[in-house]
Ligand code: PLP
């Protein structure tokens, strides 16, 4: 493809993308294909001769579209959103055009410097404590996903505690043996509601993992007391807690751990690396009404949120802020001769490869820069507040039918969880509580499956404290009240249908 063919192809692709976005609400939100649908639609191998773009493009509709779930649809209310925007797409387009594996500053100074600057802009926009700004000892880096950030933090935390505990030992076999012995005792901690990425990171880091209870009566939050108790239990067993994920906006219910209490406990355990995972809800910190949470981050080691979830930056874009960047570079800086250069040697520049696991990196700051400039801080606040209000509206609808539904959590950052109320039939006797909860869970699951099977909306469910709940979060760019009104109607119809059958 030469440049004039590219111009023509790109115009045509953009036309198609615009049409896709303009009609997204009319498409069935979830793909209805069967597993393996794609194989019969494609040849067994690549073509021997190159094909025309028009032929390739026509396969988007024929081959790809049927297998897409439309995450940008206003009828997508599942998981957490993964929002896109046109300025972010333009950023990705330029990034693709300038294509570089910009691991060192010298690989493309603009890639590093823009990232440092926009991460400082983001930190200021969220009112993060100054320690997370690049002018001091901290700073921000863009990584792919929250899971990648957590692995980066857990491995760095593991090495940090070993460095600290064995600081007085001379380098050599004895120290290596001692480090290996210590590694076997290290334990990473997280709420029982922390995202599974923390447990996965502990597996990758080769350490143990232990969850901290955060029951319903505590609002699904880890309290300072629960944390202290877990740490004491670990100590008693000879285990060494070295890392903790604190969650701001848990996946199931958007719960926030007791940041203030945990910050107090942190003072007694300076060797535990505390990371705040705000993958979804962190975007709400652009609004001053949520920024009171941020002051506690000064007592923690790192923080991340995904701009690709709720802040209009296309996947992938997880902002990772670190209070002391040497906590990363002390672990990840390895400079073989082929990576050396004068700028690095003189310590004049940031080489982001030393803050992350991979070497190469993309020009992701462009899309953040474009989004921040296109919407402005006020535009982003408006975007978030709209979704928070929609969440409150939906919560009100659910509460308006206490005969059918019970809210379990929320609205929190747009997310409400609820269950369907079981009928109290004559057959409920004996162990009544057990029977009722079993029927409640079965019924809620049936209603959930019925709604999704109709294909008009896409919802997810989860289990919190043993209760099966439906989760609804409507936070895509095209979300509107009318869709929440409609999903509520569909839920009511489904609940009445199922309850009607049960009551007979
Ligand atoms: N942390 C929380 C609280 C999440 O809700 C999620 C995903 O929804 C993650 C981490 C993982 O995100 P990622 O897909 O960026 O790894």
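Out of 187, 150, which single residue is within 16 Å of the ligand (Cβ to nearest atom), in contact with a helix residue (DSSP H, G or I) (Cβ under 8 Å, 6 or more places away or on another chain) and under 28 Å from residue 214 (Cβ atoms)?
The match here is 150.
Restrict the check to the stretch 31-39 and report whether at least one residue is surrounded by 10 or more Cβ atoms within 10 Å (Cβ to Cβ), within 21 Å of residue 477 (Cβ to Cβ) and within 27 Å of the chain's Cα centre (by Cα).
yes
Is the stretch 116-125 home to any residue that is within 20 Å of the chain's Cα centre (by Cα) and surrounded by fewer than 20 Cβ atoms within 10 Å (Cβ to Cβ)?
The answer is yes; a qualifying residue exists.
Here is a list: 255, 263. Which entry is buried (at least 18 other Cβ atoms within 10 Å of the Cβ), out of contact with any helix residue (DSSP H, G or I) (no Cβ under 7 Å at 6 or more places or on another chain) and modelled with pLDDT of 95 or more?
So the residue among 255, 263 that is buried (at least 18 other Cβ atoms within 10 Å of the Cβ), out of contact with any helix residue (DSSP H, G or I) (no Cβ under 7 Å at 6 or more places or on another chain) and modelled with pLDDT of 95 or more is 255.
Just for the stretch 140-158: of the residues that are part of a helix (DSSP H, G or I) and more than 13 Å from the chain's Cα centre (by Cα), which one is surrounded by the fewest Cβ atoms within 10 Å (Cβ to Cβ)?
Among them, the one singled out is 155.
Can we say residue 79 is within 16 Å of the ligand (Cβ to nearest atom), out of contact with any helix residue (DSSP H, G or I) (no Cβ under 6 Å at 6 or more places or on another chain) and either within 25 Å of residue 383 (Cβ to Cβ) or not assigned by TED's automatic domain parsing to the domain that holds residue 483 (or both)?
yes
Do you know which residues across the stretch 235-258 are over 13 Å from residue 190 (Cα atoms) and not in a loop (DSSP other than H, G, I, E, B)?
Matches in the stretch 235-258: 235, 236, 240.
State the number of residues belonging to the stretch 32-69 that are farther than 22 Å from residue 16 by Cα and part of a helix (DSSP H, G or I).
Of the residues in that region, 2 qualify.
For a quick check of your reading of the model, give me the residue pairs whose first member lies in the stretch 115-134 and is in the same structural domain as residue 105 (by TED's automatic domain parsing), whose second is crowded, with 19+ Cβ neighbours inside 10 Å and modelled with pLDDT under 95, with beta-carbon atoms closer than 7 Å and at least 6 apart or on different chains.
Qualifying pairs under 7 Å: 115/352; 116/350.
Report yes if some residue within the stretch 396-403 is touching a strand residue (DSSP E or B) at 6+ places or on another chain (Cβ under 7 Å), assigned by TED's automatic domain parsing to the domain that holds residue 461 and modelled with pLDDT of 95 or more; otherwise report no.
Yes; the residues of the stretch 396-403 include at least one that is touching a strand residue (DSSP E or B) at 6+ places or on another chain (Cβ under 7 Å), assigned by TED's automatic domain parsing to the domain that holds residue 461 and modelled with pLDDT of 95 or more.
Could you tell me how many of the residues in the stretch 159-208 are under 23 Å from the mean Cα position of the chain (by Cα) and assigned to a helix (DSSP H, G or I)?
Of the residues in that region, 10 qualify.
The values are calculated or read from the model by the stated rules, or taken from the named source; none is laboratory data. Note that the structure is a prediction, hence the values are computed from the model and not measured. Neighbour counts run over all protein chains shown; Cβ positions are idealised from the backbone, glycine included.
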